[in-house]
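J.: Below you'll find the structure I mean.
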Amino acid sequence: MTGYVTLERPWITFDLGAPMQVLSWAINRPGFVTADRIVWREVRNADLTCDMDVHGWLKRTLEDRGDSEAVCFLTSRDVRFYTQASAGAADVAAHCVATVGLSNAERVGHRVDRSTTDWGTINIAVSVQSSLSQTGLIEALSIAAQARTAAIMEIGMDLPVGIATGTGTDCIAVAAPAGDTDYAGLHTQIGEVIGAAVYRATLQGAQDWMRDVARQ
């Protein structure tokens, strides 16, 4: 396992074990950055009003925690239901942590009117114990996105336009030591372990969410 997870609701901290390069489109520190942890902040839909300066609020909140340099997700999923999975092949290992909510599920290429519903999201962080260049990290992110999509399609959530492939607010972060390896595709051990870890964690999270909704 690469890194470890601490749950302190409303926070999850995924400690990467060392500073790594991270690529994401997260709300805090998106793009190519160096970080030693990725964090989640649980929020209720009612917490984020239309006139709220979310970035300013989150910046102050992270500063208060000493997490200004962390890559940070926001999620409306109860963080107690996070999932994680690891995978390895030869000397390469990956560890994924995910929170999965599907209340605003979408099928790629379409948009469903969600103006009268709550918003969920899928937030995925995966670290890999193999050095990558920025080019390799981009390909690794594409593999993580592919694994996310495969897992969501596996549960067969029907929408008016077809089977859901994700949500309208998904976010993914991939972390790896900096190096010169440019390839992380499906034919590589790196792509294999990233795909396996993300698929398993996302599928478990989606199944848990579907079960919880069925109970309501």
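The values are calculated or read from the model by the stated rules, or taken from the named source; none is laboratory data. Being a predicted model, the structure only gives us computed values, none of them experimental. Ideal geometry is used to build each Cβ from the backbone, glycine not excepted, and the neighbour counts take in all protein chains shown.
J.: In the list Arg211, Arg200, which residue meets the criterion of being at pLDDT below 95 and either of a type in the set (A, V, I, L, M, F, W, C) or part of a helix (DSSP H, G or I) (or both)?
T.: Every option except Arg211 fails the conditions.
J.: For Arg60, work out the one condition from (1) within 17 Å of Ala201 (Cβ to Cβ); (2) charged (D, E, K, R); (3) loosely packed, with under 14 Cβ neighbours inside 10 Å it doesn't fulfil.
T.: (1)
J.: Right, another one. Of everything in region 26-51 that's more than 21 Å from Asp78 (Cβ to Cβ) and loosely packed, with under 15 Cβ neighbours inside 10 Å, which residue is modelled with the lowest pLDDT?
T.: Across region 26-51, the extreme among qualifying residues is Cys50.
Every residue, every condition in (1) part of a loop (DSSP other than H, G, I, E, B); (2) of a type outside the set (D, E, K, R); (3) modelled with pLDDT of 95 or more, yes or no:
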{"residue": "Arg111", "(1), (2), (3)": "yes, no, no"}
{"residue": "Asn123", "(1), (2), (3)": "no, yes, yes"}
{"residue": "Ile138", "(1), (2), (3)": "no, yes, yes"}
{"residue": "Ile172", "(1), (2), (3)": "no, yes, yes"}
{"residue": "Thr181", "(1), (2), (3)": "yes, yes, yes"}
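J.: Ser76 - would you say it is among the polar types (S, T, N, Q), surrounded by 13 or more Cβ atoms within 10 Å (Cβ to Cβ), at pLDDT 95 or above and out of contact with any His (no Cβ under 9 Å at 6 or more places or on another chain)?
T.: For Ser76, the condition - among the polar types (S, T, N, Q), surrounded by 13 or more Cβ atoms within 10 Å (Cβ to Cβ), at pLDDT 95 or above and out of contact with any His (no Cβ under 9 Å at 6 or more places or on another chain) - is not met.
J.: If we scan region 151-166, do we find a residue that is more than 24 Å from Tyr82 (Cα to Cα), modelled with pLDDT of 95 or more, over 14 Å from the mean Cα position of the chain (by Cα) and surrounded by 15 or more Cβ atoms within 10 Å (Cβ to Cβ)?
T.: No, region 151-166 contains no residue that is more than 24 Å from Tyr82 (Cα to Cα), modelled with pLDDT of 95 or more, over 14 Å from the mean Cα position of the chain (by Cα) and surrounded by 15 or more Cβ atoms within 10 Å (Cβ to Cβ).
J.: In region 1-31, how many residues are among the hydroxyl-bearing types (Ser, Thr, Tyr), in contact (Cβ under 8 Å) with a residue 24 or more places away in the chain and outside any loop (DSSP other than H, G, I, E, B)?
T.: So the answer is 2.
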